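Notes follow once the structure below has been shown.
The values are calculated or read from the model by the stated rules, or taken from the named source; none is laboratory data. None of the values given here were measured: they were computed from a predicted structure. For neighbour counting, all protein chains shown are included, and Cβ atoms are generated from backbone atoms with ideal geometry for every residue, glycine included.
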Amino acid sequence: MVPSVMPTYGRIDIAFERGEGPYLFATDGRRFLDFASGIATNSIGHAHPHLVRAICEQAARVMHVSNLYRIPEQEKLADRLVASSFADTVFFCNSGVEALEGATKVARRYHFHNGEPNRTRIICCTHSFHGRTLGMLSATDKEAYREGFGPRVQGFSHVAFGNLNEMRAAISDDVAAILVEPVQGEGGVNSAPEGYLRALREIADEFGLLLIFDEVQCGMGRSGKLWAHELAGMAPDIMASAKGLGGGFPVGAVLASEKAASGMKPGLHGSTFGGNPLAMAAANAVLDVLLADGFLPQVERISALLRGKLEAVVKRHPTVVEEVRGTGLLLGLKCLLPSGDLQTRLREEQGLLTVGAAENVLRLLPPLNIEEAHVQEAVKAIDTACAGLARDAA
Ligand SMILES: *Cc1c(COP(=O)(O)O)cnc(C)c1O
């Protein structure tokens, strides 16, 4: 008999009843150190007092009014995102995939507006993940996600991530935009090679294309900068944000330069829930924390500490883990034994939550405000679990 919750996920048999900072407490009394953060989403940990207060106070005032009216909380968040990014204008939605659908519409409409309606194709990368709508399944590089869901949505093609020759070769006069994740998450925690993002900027400018970044996972402070592309010293034309943006409250955003958004006008895109006062209060509260003096530099420091300790774990257990991947607090352990075994052992024996990724990589996505003691606790757990796996395999 089908469960009342449609079985689209293979779920782990744990239910949580409470969270506090980087810890989650299960209904069976167990405590876990959460290096999964609801898949890079609980960016400031669980039950952060400032976020909780903002949501409660806003809920008691007004939750939802629709975009038929001005929404002051939305204007405030848009102003702040504009002030702290390349963007001049922002559209709010409710998830990552919606932000990418919106980004694609903005890019195509730009060319339509400029008298080039045939420019519709989006060049994407291998190992990319952009979400699960019918449209974004075509942008995502995973055939298994598409199987059985009907004709593939046209207008997306793929080249090898990091390969500039392939990117140039794929460009013809039907291309609207290039879409990449500055750091791939689901695809195996792959950071863009040195110089890649800057070269994409040059290619986009040379051919009159728009550059779209998917920072749904790597953005909002996870890289140690507010936006991951800042590390490359350049900027896209359009960017999708979500996951960490609401700190656990569902909210997504399409950020765009004035030029890139020049084709958009009233009536061309919309969302009933998008940017409602409650979601905006949550995201504004998260931004208060991230933009506070010293917060992002501390993310850089703590991620360097974690990375250094993980490199040492790799050296100590060369039969279990091969390398540390990623940027900031979007880190991956490339495993030699099945990464699922390491994940299970960490959870069941060490009380540490992690997330899988493609290519046999285990993702570590702690809240951005973890402290040194949490790093020590996690590394000790990983070290012990690796030692156990090595012993069992011997
Ligand atoms: C999670 C994710 C998405 C999809 O976000 P949803 O909120 O699940 O729709 C898109 N792109 C990237 C890079 C992601 O990590």
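As a summary of the residue check, Cys386 satisfies the conditions (1) under 30 Å from Asp288 (Cβ atoms); (2) crowded, with 19+ Cβ neighbours inside 10 Å except for the one numbered (1). The strands (runs of 3 or more DSSP E) found entirely in the range 1-94 that carry 3 or more residues being in the same structural domain as Val254 (by TED's automatic domain parsing) and within 16 Å of the ligand (Cβ to nearest atom) are 89-93. Against the list (1) buried (at least 24 other Cβ atoms within 10 Å of the Cβ); (2) under 15 Å from the mean Cα position of the chain (by Cα), the condition Leu210 fails is (2).
Within the range 125-165, track down each residue that is closer than 20 Å to Thr8 by Cα and β-branched (Val, Ile, Thr).
Those that are closer than 20 Å to Thr8 by Cα and β-branched (Val, Ile, Thr): Thr133, Thr140.
Consider the range 241-281 and keep the residues that are among the small types (Gly, Ala, Ser) and in a helix (DSSP H, G or I). The one that is farthest from the ligand (Cβ to nearest atom) is Ala281.
When restricted to residues that are farther than 12 Å from Asn284 by Cβ and either of a type outside the set (Asp, Glu) or touching a Leu at 6+ places or on another chain (Cβ under 8 Å) (or both), the range 66-88 contains 11.
Which ones in the range 330-388 are among the β-branched types (Val, Ile, Thr) and within 28 Å of Ala192 (Cβ to Cβ)?
Across the range 330-388, the qualifying residues are Thr354, Val355, Val361, Ile370, Val375, Val379, Ile382.
For the range 347-365, the set of residues classified as more than 22 Å from Gly328 (Cβ to Cβ) and free of Cβ contacts under 8 Å to residues at least 40 places away in the same chain consists of Glu348, Glu349, Gln350, listed by residue number.
Looking only at the range 167-179, decide whether some residue is closer than 30 Å to Glu322 by Cα, exposed (fewer than 14 other Cβ atoms within 10 Å of the Cβ), out of contact with any strand residue (DSSP E or B) (no Cβ under 9 Å at 6 or more places or on another chain) and at pLDDT 95 or above. Looking for residues that are closer than 30 Å to Glu322 by Cα, exposed (fewer than 14 other Cβ atoms within 10 Å of the Cβ), out of contact with any strand residue (DSSP E or B) (no Cβ under 9 Å at 6 or more places or on another chain) and at pLDDT 95 or above, one finds none in the range 167-179, hence no.
Summed over the range 98-122, the residues that are touching a residue at least 40 places away in the same chain (Cβ under 8 Å) and either closer than 14 Å to Ile238 by Cα or hydroxyl-bearing (Ser, Thr, Tyr) (or both) give a count of 15. Screening Leu337 with (1) aliphatic (A, V, I, L, M); (2) under 21 Å from Val52 (Cα atoms); (3) assigned to a loop (DSSP other than H, G, I, E, B) gives one miss only, at (2).
With respect to Arg31, determine if the residue is of a type in the set (D, E, K, R) and in contact (Cβ under 8 Å) with a residue 40 or more places away in the chain. Yes: the conditions hold for Arg31. Scanning the range 214-240 for residues that are closer than 13 Å to Gly102 by Cβ and either near the ligand (Cβ under 10 Å from one of its atoms) or not assigned by TED's automatic domain parsing to the domain that holds Pro193 (or both) gives Asp214, Val216, Ala240. One residue alone among Arg345, Arg325 is in a helix (DSSP H, G or I) and at negative phi, and that residue is Arg345. Among the residues of the range 52-105, count how many are on the phi > 0 side of the Ramachandran plot and touching a Lys or Arg at 6+ places or on another chain (Cβ under 8 Å). Adding up the residues that qualify gives 0.
Which of the helices (runs of 4 or more DSSP H) contained wholly in the range 112-193 include at least 3 residues that are within 16 Å of the ligand (Cβ to nearest atom) and in the same structural domain as Lys259 (by TED's automatic domain parsing)?
Here the list reads 134-139.
Checking each residue of the range 287-306 against the condition of being surrounded by 21 or more Cβ atoms within 10 Å (Cβ to Cβ) and under 29 Å from Asp28 (Cβ atoms) gives at least one match.
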